[in-house]
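Read through the structure below, which is laid out as structure tokens, and then see the notes.
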Amino acid sequence: MQLTTTEFDTLRDGNVTPISWAYRMSFDKAYDDNVSFFTLDSSVLDGIDVLAPDNNDPIQQWDKYTYAPYTDRVIYMEWSRELEFPFSVSSAMADIQLENTDNYFTPNSGSLIDQYILPKRPIRLLAGFNGLNIPQFVGITEKSPVIEDHKTATFHALDFLSELYTMPITETISMQDATTDEVLVEIFTQFGMLPSQYTLDTGINVIPFVFFDPDTNAGGIFRDLMEAEMGNLWLDETGQIRFNNRYNTVNAAVYTFDKTNVLDIRGNGDTNIINAVKINADIRELQVFQPVYTLTTGGTAFIIEPNSSKVFNISLTDPCTTVTTPTLGLSSVTSWFTALKTSDSTASTATITGVSLKTNSYTIFFSNPNVFQVTIDAMEVWGTPAKVIDKGIRYKEINQPSIDKYGEQVLVIDNNFIQSTSQCDSLAIPILQSYSIYAGQLELEVHVNPALQLNDILYIDVDDYVGEYRLIRIQNRLGDNNFTQKLTVVDTEIFNFFQLDSSLLDGPDVLGI
């Protein structure tokens, strides 16, 4: 739950709650380096400064856009957050409808922002009580607005992390013995993000080999990393990207809902039973320095025309952590190539001007400075390949009593970031602990609490529903001077992960390493 002030909490829990909100948008995407966090007694309410829920949160790059206020044009705002089962990656979206009778948001209307009515416009959404607004959503519009009868303009937006999910990485990533957070930093750096824009736990999972080629979708990488880590990656309400490892979980209720603040409650019938976990992964081991590609005399000729350059592409059977650049002449202990003049096979020169190693390919850039053709007639490339050994991991763990009761409900995980059976245990056992028994989901309509966050543990005491529940979906709607909030929660059993040197053997903690 977001940190809030005593005044905010008093207004939230009072019998009369004077709701307030703010909507801001940057159509021109210009930066304002003077933006700072809201400071009590010095900042103007509903001004450009951002109310900080936590003094440790730094200003984000998207905080610095020159956001114009459009609060007075808001017809309604809807925003939601949801955890993807099994609850490792979260996403947020928003829909905002604005008054447009003057065609201010209509393309080609001649308005002041006419040239900027485009997709990918940053927005900020805040809500609270009596002008004490806290961040709710930071994101970017997906498309141009939907204009209806020149009266309204409706924008649909995704959070900035969801935007990253759709983007490809731009450079090869090759790492050894990397923790989850180290891989995340590598990806964020490629996207031009600064360390101040994310807060990452140290990953528990250590990945022996990480290989990704350019154009690999970042979203797929994020999901595989979180699945193997059993961690959580999300963009919080202030725009800070956060990663928690599996030890960093909320294990105590942060807020109570009872008959005084619940308007409606019902079971929705949904549940996710998992009583069998299958994990498949290829295990690679780094090999000694050895030939990884050979071109023999008599094979397909590689001819370089006079005074020209040519690219030689090699497909590698296994990804290599290192490859040595070939040198002209025969050798038995490192990479080499031979070059012959085509006309009479007299030895001649050829130059390597560059090389590029990707996951499963190695590219050599040749140059021929001669006035005649040159043929590369033989080559041997040496490197250190990471080869798949044996059959890899084929793991299965079950909860037999649950299977007897519900039938087998299998979760299959295909993930090469998992490289040991002990790591399989650290994933499967907590999953079975959490999902092998019926855990009912509830839907609640409540008195609004804008400070709630996904994964919060809530204590619910309404009629037959009593106990601790984990928050997995938040839906908010603000319009017609009415602020509604609907929550989806799942019955949860709170446990701590077993950790060496701190947990008791045969105690309540669940194996987590």
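The values are calculated or read from the model by the stated rules, or taken from the named source; none is laboratory data. Owing to the predicted nature of the structure, the values given are computational and were not obtained by experimental measurement. Note that each Cβ is placed from the backbone with ideal geometry, even for glycine, and that neighbours are counted across all protein chains shown.
Residues that are surrounded by fewer than 20 Cβ atoms within 10 Å (Cβ to Cβ) and of a type in the set (Asp, Glu) within segment 446-485 comprise Asp461, Asp463, Asp464, Glu468, Asp480, listed in sequence order.
Scan segment 371-393 for residues that are surrounded by 19 or more Cβ atoms within 10 Å (Cβ to Cβ), within 19 Å of Val311 (Cβ to Cβ) and of a type in the set (A, V, I, L, M, F, W, C) and the total you get is 4. Residue count for segment 260-298, restricted to those that are part of a strand (DSSP E or B), surrounded by fewer than 18 Cβ atoms within 10 Å (Cβ to Cβ) and more than 27 Å from the chain's Cα centre (by Cα): 9.
Looking only at residues in segment 422-445 that are among the small types (Gly, Ala, Ser) and surrounded by 19 or more Cβ atoms within 10 Å (Cβ to Cβ), the one that is modelled with the lowest pLDDT is Ser434. Taking the stated definitions as given, is Ser436 within 26 Å of Ile221 (Cβ to Cβ) and small (Gly, Ala, Ser)? In short, no.
Restricting the search to strands (runs of 3 or more DSSP E) fully inside segment 158-259 and requiring at least 3 residues that are closer than 29 Å to Met1 by Cβ gives 198-200, 232-235, 241-244, 255-258. Only one of the listed residues (Thr359, Thr349, Thr384, Thr363) is assigned to a loop (DSSP other than H, G, I, E, B), under 25 Å from Thr216 (Cα atoms) and assigned by TED's automatic domain parsing to the domain that holds Tyr293. That residue is Thr359. All of (1) in contact with a Pro (Cβ under 7 Å, 6 or more places away or on another chain); (2) without any contact (Cβ under 8 Å) to a residue 40 or more places away in the chain hold for Ile431 with one exception: (2). Condition check: over 32 Å from the mean Cα position of the chain (by Cα) and in a strand (DSSP E or B). Does Ala378 satisfy that? Answer is yes for this residue. Checked against (1) under 21 Å from the mean Cα position of the chain (by Cα); (2) closer than 24 Å to Ser80 by Cα; (3) of a type outside the set (D, E, K, R), Gln190 passes all but condition (2).
Summed over segment 360-369, residues that are farther than 17 Å from Thr294 by Cβ and buried (at least 18 other Cβ atoms within 10 Å of the Cβ) total 2. Within segment 141-166, restricting attention to residues that are among the hydrophobic types (A, V, I, L, M, F, W, C) and at pLDDT below 85, the residue that is nearest to Gly220 (Cα to Cα) is Leu164.
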